Amino acid sequence: MRWSSYFIPTAKEAPVGTEAVSHQLLLRAGLIHMLTSGVYSYLPLGLRVLNRIQDIIREEMNAIGAQELFLPCLQPLELWQQTGRDKTLAEVMIRFKDKRGKDMCLGPTHEEIITDLVKDFVQSYRQLPLVLYQIQTKFRDEIRPRFGIVRACEFIMKDAYSFDRDKKGLERNYQLMYGAYEKIFKRCNLNAIAVKADSGAMGGDISHEFMVPGAIGEDAVLICNACGQAMGGAQVQSLENGSCPQCAKGTLEKKVAIELGHIFQLGTKYSQAQGANFLDENGQQQTIIMGCYGIGVSRLIAAVVESHNDAAGIIWPKEVAPFDVEILPVQMADSGIMELAENYYQDLSRLGLEALIDDRDVTAGVKFNDADLIGIPLRIVIGKRTFAEGKVEIKNRRTGEVMKLGKDEVSSKIKELIEKV
RNA sequence: CGGGGAGUAGCGCAGCUUGGCUAGCGCGCAACGUUCGGGACGUUGAGGCCGUGGGUUCAAAUCCCACCUCCCCGACCA
């Protein structure tokens with residue numbers, strides 16, 4: 001992409017009232033824009049990051065045999081009345097009547113919808129297990145939206161649902177999801193820790209939350225300073241200032257954290273209420289055993305920025321960066337420099353790399369500062385300082401390290417350099 | 001919903017206490033010139049229902065009342 005014609009509205013100052021670093025940087029770097037409280041637009045740069053995170057999630061979900069589908073967010077309230085969650089989720093549910101006066105809502109989550117779907121198509125144990133997932137917009141009229149896209153009223157979630165004939169199958173799928181979640185967060189360069197959690201409005205017995213401790217967050221985790229054991233959920237309250245129940249040696253340190261994902265062994269809460277049954281090999285009717293597994297996809301963007309930034313801006317991990325490389329020609333008036341920049345741009349796209357070339361006619365300082373702000377991991381700086389000697393500079397956004405390369409080596413070595421970022 | 005703060009140009013702010021003439025400043029934006037490796041400089045210019053509605057007054061950004069919106073702290077959640 002050419003910066004001059006690409007929509008990246010960067011800002012020097014953070015908008016008033018923003019507190020979280022990730023919120024400020026996402027706004028300043030032109031990734032998101034607020035429409036109203038808790039409702040955000042994703043601008044081209046933000047959408048690129050979102051897409052890369054979604055790609056990672058899809059790969060890991062598909063790898064454990066989950067199948068992607070896409071459910072409606074426009075939903076009849078009667079499905080929610082079957083489980084009673086029209087009442088338990090009443091606070092956050094956005095409800096309205098359609099033209100015929102029918103009660104409708106915008107889906108705050110999708111357990112009822114998927115159970116209704118599966119009920120219609122699964123009749124036999126031969127069709128189980130089944131694991132389905134989607135990446136979808138959820139609507140929750142949050143009591144208090146916070147920290148930009150960390151808690152939004154309209155947000156993107158990956159939600160997966162497992163359907164098994166017995167508890168053993170559920171436990172197996174639960175473990176597979178657990179493993180996939182660890183991989184997803186690791187690939188996003190997030191230091192997530194899994195803690196046992198309360199099931200809350202979802203229901204069921206066992207559940208785990210994946211938390212990333214940091215400067216902000218709406219949750220808290222306790223971490224033992226001796227054995228490293230992490231605890232969350234109800235334990236945060238009950239064990240605060242206590243000694244570690246795991247090793248009995250260390251004390252527990254409280255840290256705020258962002259909840260990235262939550263997995264639940266639901267059991268039969270929904271299948272029973274909605275009549276999702278199957279026949280076993282003896283012709284006996286059984287209730288499907290369910291699990292559900294959520295990741296706050298849009299929230300991950302904020303969590304990554306919260307974990308990877310410095311005073312100058314965002315430092316994208318290469319796995320989720322909106323571009324692989326930024327090409328920064330310093331002297332626009334120098335035709336040799338511009339030609340080389342254009343050649344790199346062509347070469348990189350031939351190599352399958354996403355490059356952003358800053359072809360704006362602005363001073364070097366503006367380009368350097370904006371480059372730091374939007375945080376592309378690797379930067380090729382072409383300027384007269386080194387151009388005359390046939391060299392260009394490669395700068396690592398994270399370390400600040402600058403390497404000089406012969407101008408003809410760049411295209412052949414760039415992939416290797418990106419790998420090492 | 002309870003408690004606190006704030007709405008003045010695209011963004012950041014001053015002015016309000018003690019009403020008064022054409023509502024200012026910085027950034028950004030447009031044009032021209034000089035600059036050109038870490039947010040350059042000069043000149044000129046465009047851009048405002050001062051959150052909304054009502055009231056007080058000769059006169060309201062400023063005083064009074066009501067409402068709306070946003071942010072921060074609590075309960076909820078990915």
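So here's what we get for this one:
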quantity: Check on A:N189, free of Cβ contacts under 8 Å to residues at least 12 places away in the same chain and at positive phi; calculated: no
quantity: Matching residues, segment A:1-28, being of a type in the set (D, E, K, R) and surrounded by 14 or more Cβ atoms within 10 Å (Cβ to Cβ); calculated: A:R2, A:R28
quantity: Residue that is surrounded by the most Cβ atoms within 10 Å (Cβ to Cβ) [pool: residues in segment A:29-41 that are outside any strand (DSSP E or B) and near RNA strand B (Cβ under 7 Å from one of its atoms)]; calculated: A:G38
quantity: Residue within segment A:104-111 that is part of a helix (DSSP H, G or I), of a type in the set (D, E), under 19 Å from the mean Cα position of the chain (by Cα) and within 16 Å of RNA strand B (Cβ to nearest atom) present; calculated: no
quantity: Enumerated helices (runs of 4 or more DSSP H) restricted to segment A:322-421, each holding at least 1 residues that are touching a residue at least 60 places away in the same chain (Cβ under 8 Å) and within 30 Å of the chain's Cα centre (by Cα); calculated: A:335-350, A:364-374, A:410-420
quantity: Enumeration of residues in segment A:42-53 that are surrounded by fewer than 21 Cβ atoms within 10 Å (Cβ to Cβ) and within 14 Å of RNA strand B (Cβ to nearest atom); calculated: A:Y42, A:L43
quantity: Selection count where residues are touching an Asp or Glu at 6+ places or on another chain (Cβ under 7 Å) and within 16 Å of RNA strand B (Cβ to nearest atom), scope segment A:223-249; calculated: 3
quantity: Positions within segment A:74-92 being in contact (Cβ under 8 Å) with a residue 24 or more places away in the chain, assigned to a loop (DSSP other than H, G, I, E, B) and either more than 27 Å from A:N277 (Cβ to Cβ) or among the acidic types (D, E) (or both), in sequence order; calculated: A:E91, A:V92
quantity: Verdict on A:I184 being within 11 Å of RNA strand B (Cβ to nearest atom), touching a helix residue (DSSP H, G or I) at 6+ places or on another chain (Cβ under 9 Å) and either in contact (Cβ under 8 Å) with a residue 40 or more places away in the chain or β-branched (V, I, T) (or both); calculated: no
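Throughout, read-outs are computed from the coordinates displayed, never taken from laboratory work. Just so it is clear, the model here is predicted, and its values are computed rather than measured. As a convention, Cβ positions derive from the backbone with ideal geometry for all residues, glycine included, and neighbour counts pool all protein chains shown.
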